[in-house]
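**Student:** Can you read through this structure? Questions will come right after.
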Amino acid sequence: MLISIVVPCFNEAAVLREAHRRLAAVAASIAEAAFEFIFVDDGSRDETPTLLHELSAADARVRGLRLSRNFGQQVATTAGLEHASGDAVVIIDADLQDPPELIAEMFSYWREGYQVAYGQRSDRAGETRFKLWSASAFYRLVNSISHVQIPPDTGDFRLMDRAVVDAVLRMPERDRFLRGMVSWVGFRQVAVPYRRAARFAGETKYPMVKMLRFAADAVFSFSFAPLRLAVWVGFLALGVALAGILYALALRFFFDPTHWVRGWASLFVAVLFMGGVQLISLGIIGEYVGRIYGEVKQRPLYFVRERFGFPENQNRAGGGL
């Protein structure tokens, strides 16, 4: 049997050799399977491509996939999945925060009949309280508004059976949230708890802005709750506007008219309430319409600049060129 390990990389030159060493050690400890390591260079600007060529020359199991530019981690991971030929496929980041040694335990669960074994973080070293709180709030928010339940405190680190990989690859959406997509397809899944380490080297590739964008992809891809929220906010604003009208009428008929400024109440109600609600509603609708626009263009998810280390019969067409 063949196990494919997909490793998305973006400016990871500082950690690649250590990542390969630990992955090779894991492969050596699992005698029942052969391995291939698919490193996907997502438009790196450091020495990542050079190091991947060196690793491929030294280890025939290393395959390199260089994308034409930076398409984002989710698309780079998808490119790796589309080029993986294994009976099972592992997704793991290059930064070694997720321990490669856990793959052996995931492999054992797979041999027992589980089709997805996903890593679940019991502890997260080197992360701020705000990051921990925001991550916890994110999963609880998504699970409260979505019909798909995503296990909390999980990332993309997981082992998937070939049937699961093929099912995920049949989902062609552009705004990809892989951990949600894997939950959506179902199959028999099991959590594998672990302590997440600090980055081995380098810097995080997910600053606050990218994290917020990633969270938006999760919410808008798996829930219509924002649209329903816009409706309820509209009703709330209508109620507040009616209360404002009653307040204005009370001022008009029951208080000293010398303190009355003609027309201020109607402007107050119309601008502050109805205008705000309309802008919020339009923004939410715009998010969904923009995603529909992106889908109907049917552009490829990515373009490949270079492939190396792949035997000819292992190149898979997939959704990129």
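The values are calculated or read from the model by the stated rules, or taken from the named source; none is laboratory data. Remember, it's a predicted structure, so these values are computed and weren't measured experimentally. FYI the Cβ positions are ideal-geometry reconstructions off the backbone, even for glycines, and counts take in every protein chain you see. Please note that ligands, DNA and RNA were not included when accessible areas were found on the heavy atoms of the full protein model with its side chains. Shrake-Rupley method; radii C 1.70, N 1.55, O 1.52, S 1.80 Å.
**Student:** How much length is gained if the chain between residue 112 and residue 166 is pulled fully straight, taking 0.36 nm per residue apart and subtracting their Cα-Cα distance, in nm to one decimal?
**Tutor:** Result for the pair: 17.4 nm of gain on full extension.
**Student:** Quickly work out the residue 33-to-residue 296 label distance, labels modelled 7 Å from Cα along the C-beta direction, and quote it in nm with one decimal.
**Tutor:** So the label points at residue 296 and residue 33 sit 4.3 nm apart.
**Student:** Let me ask you something else. Per-residue HN-Hα couplings for the range 43-48, Karplus 6.51 cos²θ - 1.76 cosθ + 1.60 at θ = phi - 60°, whole Hz, x for Gly and Pro?
**Tutor:** x, 5, 10, 9, 8, 3
**Student:** Take residue 288 and residue 68, extend 7 Å from each Cα along the Cα→Cβ direction, and tell me the distance between the two endpoints in nm.
**Tutor:** 3.3 nm
**Student:** Nearest 0.05, what FRET efficiency do residue 187 and residue 50 give at R0 = 45 Å with Cβ-Cβ as r?
**Tutor:** Once the sixth-power term is evaluated, E becomes 0.70.
**Student:** Can you list residues whose amide H is under 5 Å from residue 6's amide H, if they're 5+ apart or on another chain and H is modeled 1.01 Å from N?
**Tutor:** 38, 90, 91, 92
**Student:** Just order 164-170, 69-75 by mean Cβ neighbour count inside 10 Å, highest at the front, would you?
**Tutor:** 69-75, 164-170
**Student:** Turning to a different aspect of this structure: Mind jotting down the three principal axis lengths of the range 1-120 based on Cα atoms? Whole angstrom, largest first.
**Tutor:** The Cα atoms of the range 1-120 stretch 42, 27, 25 Å along their principal axes.
**Student:** If I compute solvent accessible area with a 1.4 Å probe over the protein chains, what percent of it on the range 1-88 is carbon and sulfur?
**Tutor:** On the way: 1480 of 2950 Å².
The nonpolar share, carbon plus sulfur, comes to 50 percent.
**Student:** Show me the ranking of peptides 7-13, 24-30 by mean Cβ neighbours inside 10 Å, starting with the highest.
**Tutor:** So the order, starting with the most tightly packed, is 7-13, 24-30.
**Student:** Could you order 288, 109 by accessible surface area, starting with the largest, using a probe radius of 1.4 Å?
**Tutor:** 109, 288
**Student:** Label-point separation (nm) for residue 305 and residue 122, each offset 7 Å from Cα along Cα-to-Cβ?
**Tutor:** Once both label points are built, they end up 4.2 nm from each other.
**Student:** Another question about this same structure. Counting only other residues whose beta carbon sits under 12 Å from that of residue 189, what net charge do I get with K and R as +1, D and E as -1?
**Tutor:** Charge balance near residue 189 sits at +2.
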